[in-house]
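> To start, I am sharing the structure in question, which I have written as C-alpha cells.
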Amino acid sequence: MTIGHESVETESAGIRFVWDYGTTDERLRGLYERGKAAQWNAATDIDWEAGVGVPDRVEALGARSALGWSESSPVPKERWGAFQWEFHSWMTSQFLHGEQGALLATSRLVTMAPDMDTKMFAAGQVTDEARHVEAYARYCDLLGNSYTVNPSLKQMLDTVVSENRWDIVFLGMQIIVEGLALAAFRLEHTRSFDPVIAQLTRLVARDEARHVAFGLLTLQEIYGELTSRERADREEFIKESALLMSRRFRLGEVWARLDVDVEAGTNFALQDPKMIDFRRLMFTKIVTSLAKVGLLTPGVRAHLEDLELLRVLPPKVRHS
Ligand SMILES: [Fe+2]
Ligand SMILES: [Fe+2]
C-alpha cells in the first residue's frame, strides 16, 4: 500500500520516511494493538499513599536477609538494614535513569525503523517509557533518597542513543537494557515489602515484556541474514554491553554512601556467591533473548561465562 510515492522509502539525515502504509508483519501489528489496549495511568492506577513507612519496612527486611549475605560482608550485620535501604534506593534510581534512556532510544527508533509497523509500535513504546519515567520519578521522590546515574549504565545508554545502525539500537535497548530491567522489575515485584513498588513494577513489567517481545520479533527477522562481518560487530557490541551492565552491580556508589571502603565493597560484590547469583538472575532474560535471535554464539557464551553471568542449569533427572 504505497501511497503517493514511487519508492517504498526515502531517507535524509538518518531519518527514514516509509511510503508503504500497509501492514507487513501481522505479529508486530498485533503487539501494537495490545499496547494500545494495555495503557495505564501512573497518576491514578497506583495507590501512592500505600508506601507510608517504607524506610522502616525496608530496614526490617534487610536486617533479616541483605541478599542472603554471609557474615563476611563488608557491612556489619547490624547495618544490613541500612544497606538494604540504600540498595533499594539505588536500584529504583537506576530504574528511573534507565527509563529515560529507553524513552530517548525508542524515540530514535521511530525515525530510524525501516517499516511502518515498527515505527508505530516504537511510537507506542515512547508513550510507555514516558509513563515509566513519570512513575519512577514520583517513586524516587516519595522515597526521599536517590542516586545519580551509575557510570557504567550511563556509558551503555550513551552508546545506544548515539548508535546509527538501527538494529544495534534495538539490540542494546530492547534486548539488553530492557531484558535486564524486566528481570529486575519481576524480582522487585515479588519482594513486595512496599505495596507501591509492587504495583508499579507489576504494571511496568507488563509493558517491558511487550517491548522485549517487539525486539525479538524484529531482530529474529533480520539476524538470520547477517554477513560474518556484521555478526562479529554485533558480538563485540554484546560483549562490551555485558561488561558494562555487570559492572553496574559492583555497587560503588552504595558502598560510598554507607562509608564502606569502596575497594573492599567492590571486591565483595565481585566474589560473594550471593552477589554472583544475583547478577546471573539479572541476566537470565538477556541470555534467553540472545539465544532466540541467534547471537548466543560460542564467543558470546564464553564471554558471559568469564563474567560469571550464565546460570548453570542443574543436570536433568533421569527417570528409569
Ligand atoms: Fe520502560
Ligand atoms: Fe521498555
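The values are calculated or read from the model by the stated rules, or taken from the named source; none is laboratory data. Remember, it's a predicted structure, so these values are computed and weren't measured experimentally. Quick reminder, even Gly has a Cβ in these numbers, built from the backbone with ideal geometry, and neighbours come from all protein chains shown. When the accessible area is computed, the model is the full protein with side chains, heavy atoms only, and any ligands, DNA or RNA have been set aside. Shrake-Rupley method; radii C 1.70, N 1.55, O 1.52, S 1.80 Å.
> For the stretch 37-53, does any single residue satisfy the condition of being open to solvent by 90 Å² or more (accessible area, probe 1.4 Å) and modelled with pLDDT under 85?
Within the stretch 37-53 (the criterion being open to solvent by 90 Å² or more (accessible area, probe 1.4 Å) and modelled with pLDDT under 85), the answer is yes, since at least one residue qualifies.
> Can you tell me which residue among L270, L258 is under 22 Å from the mean Cα position of the chain (by Cα) and over 18 Å from L296 (Cα atoms)?
None of the other options fit; the residue is L270.
> Looking at the stretch 194-203, is at least one residue open to solvent by 70 Å² or more (accessible area, probe 1.4 Å), of a type outside the set (A, V, I, L, M, F, W, C) and within 14 Å of A105 (Cβ to Cβ)?
no
> Then there is this: Taking the stretch 109-125, which residues are more than 14 Å from R210 (Cβ to Cβ) and open to solvent by 10 Å² or more (accessible area, probe 1.4 Å)?
Within the stretch 109-125, V110, T111, M112, P114, D115, M116, K119 meet the criteria.
> Ok, one more. Which one is most open to solvent (accessible area, probe 1.4 Å), of the residues in the stretch 290-301 that are part of a helix (DSSP H, G or I) and farther than 17 Å from E240 by Cα?
Taking the candidates together, the pick is K292.
> For R206, all conditions in the list (1) surrounded by 18 or more Cβ atoms within 10 Å (Cβ to Cβ); (2) within 11 Å of ligand 2 (Cβ to nearest atom); (3) not β-branched (V, I, T) hold save one; what is the number of the exception?
(1)
> Could you look through the stretch 209-241, keep only residues that are at pLDDT 95 or above and within 21 Å of V149 (Cβ to Cβ), and pick out the one that is most open to solvent (accessible area, probe 1.4 Å)?
Out of the qualifying residues, it is E240.
> Would you check which residues across the stretch 150-179 are assigned to a helix (DSSP H, G or I) and open to solvent by 20 Å² or more (accessible area, probe 1.4 Å) and list them?
P151, K154, Q155, D158, T159, V161, S162, W166
> Only residues in the stretch 142-163 that are acidic (D, E) count as the first member; pair them with residues that are part of a helix (DSSP H, G or I), Cβ under 7 angstrom, at least 6 apart or cross-chain, and list the lot.
Pairs that qualify, where the first residue is acidic (D, E) and the partner is part of a helix (DSSP H, G or I), are E163/V169; E163/G172.
> Can you pull out every residue in the stretch 242-285 that is open to solvent by 60 Å² or more (accessible area, probe 1.4 Å) and of a type in the set (V, I, T)?
Within the stretch 242-285, V262 is the sole residue that qualifies.
> Continuing with the same structure: Of the conditions (1) open to solvent by less than 10 Å² (accessible area, probe 1.4 Å); (2) hydroxyl-bearing (S, T, Y); (3) more than 14 Å from ligand 2 (Cβ to nearest atom), T106 clears all except one; give me its number.
(3)
> May I pose another question? Working only within the stretch 203-255, note down all residues that are more than 21 Å from T118 (Cα to Cα) and acidic (D, E). First the steps, then the outcome.
Just the residues of the stretch 203-255 that are more than 21 Å from T118 (Cα to Cα), to begin with: 203, 227-233, 235-255.
E230, D233, E235, E236, E240, E253 - these are the residues of the stretch 203-255 that are more than 21 Å from T118 (Cα to Cα) and acidic (D, E).
> Say whether the condition of being within 15 Å of ligand 2 (Cβ to nearest atom), open to solvent by less than 10 Å² (accessible area, probe 1.4 Å) and not polar (S, T, N, Q) is met by at least one residue in the stretch 137-145.
Checked the stretch 137-145: no residue is within 15 Å of ligand 2 (Cβ to nearest atom), open to solvent by less than 10 Å² (accessible area, probe 1.4 Å) and not polar (S, T, N, Q).
Yes/no matrix, rows are residues, columns are (1) away from ligand 1 (no atom under 16 Å from the Cβ); (2) closer than 20 Å to L31 by Cα:
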| residue | (1), (2) |
| --- | --- |
| R138 | no, no |
| N145 | yes, no |
| P151 | yes, no |
| V160 | no, no |
| R165 | yes, no |
| M173 | no, yes |
| I176 | no, yes |
| G179 | no, yes |
| V196 | yes, no |
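> Select from the stretch 86-103 the residues that are open to solvent by less than 10 Å² (accessible area, probe 1.4 Å), of a type in the set (S, T, N, Q) and either under 14 Å from the mean Cα position of the chain (by Cα) or within 11 Å of ligand 2 (Cβ to nearest atom) (or both) and list them in ascending order.
T92, S93, Q94
> Cβ-Cβ distance below 6 Å, separation of 6 or more or different chains: which pairs start in the stretch 239-253 with a residue that is under 10 Å from S152 (Cβ atoms) and end on one that is open to solvent by 10 Å² or more (accessible area, probe 1.4 Å) and outside any helix (DSSP H, G or I)?
Between residues of the stretch 239-253 that are under 10 Å from S152 (Cβ atoms) and residues that are open to solvent by 10 Å² or more (accessible area, probe 1.4 Å) and outside any helix (DSSP H, G or I), the close pairs are S246/L307.
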